[in-house]
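J.: Structure below; questions to follow.
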Amino acid sequence: MSESFLDKAYGARDAEETRKLYDDWAASYEAELGEHGYATPGRCAAALAQYAADKSRPVLDFGCGTGLSGLALRLAGFETIDGLDVSADMLAQAKGKSVYRDLRQIEPGQDLGHRPGDYAAIAAIGVIGAGAAPISVFDTIMRGLAKSGLFVFSFNDHALQEPQYEARVMEWTDCGAARLLFVKHGDHIPGIGLKAKVYVLEKN
């Protein structure tokens, strides 16, 4: 049996290899994840909705992929959603969902192109971890929020095995730069037995 894209997703590789993987995966991404019950977009959107005072304010969906995360945010009541991703083919799939105000391709490590306060919340749903965006993205996103801005994100079990991921959360919360509003471990991709923690941070 040939190796699925999901089998390859958590392997170590450089940024260009990651972009190629997600370009190649774009056409079958939703079918493969849907077959295994991808739960994290709905979990993250529901968690963010608990703390967002005004769902009409813009949300940035970082690493939006084919738009499953944007769709979950829209279903949770968020009205204005912009998406960023490194994969042009993934963005083409996202465009077809008509849930985004704006979609933009970015280069790995690039500035996100907005000012703090442009977005009331930023989401990185199933994005930061082995085989995907590096932990440095965490700081980039937090710096892109104004005071009281919200950051919803997830770390799957592969990421949670590496101390650097949760340590970065504590670096922001222990010094008082951010407040942890929500954290819960639960389903990520049940079909392969993978779980994830969902977090919501508020920037102080």
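J.: Using amide H atoms built in the peptide plane, which far-off residues or other-chain residues are under 5 Å from Asn204 H to H?
T.: Ser148, Ala178, Arg179
J.: Moving on. At Ala167 and Glu79, where each label point lies 7 Å from the Cα along Cα→Cβ, what is the point-to-point distance in nanometres?
T.: 4.3
J.: Another one. At 7 Å along the Cα-to-beta-carbon direction for both His114 and Val183, put a label point, then send me their distance in nm to one decimal.
T.: 2.5
J.: In nm, what is the difference between 0.36 nm times the number of residues separating Gln50 and Ser136 and their Cα-Cα distance? Please report the intermediate quantities before stating the final value.
T.: Working: separation 86, 0.36 × 86 = 30.96 nm, distance 2.67 nm.
Separation in residues times 0.36 nm, less the Cα-Cα distance, equals 28.3 nm.
J.: Quick one: grab Rg to one decimal and Dmax as a whole number for the stretch 35-123, Cα atoms only, in Å.
T.: Cα-based Rg and Dmax for the stretch 35-123 come out at 12.5, 38 Å.
J.: What ranking, highest mean first, results for peptides 101-111, 192-202 when packing means the other Cβ atoms within 10 Å averaged over each residue?
T.: Details: 101-111: 13.0, 192-202: 19.6.
Put in order of decreasing packing, that is 192-202, 101-111.
Laboratory data are not the source of any read-out in this text; all were calculated from the coordinates shown. If you're wondering where the values come from, they're calculated on a predicted model, not measured in any experiment. Cβ: placed from backbone, ideal geometry, glycine included. Neighbour counts: every protein chain shown.
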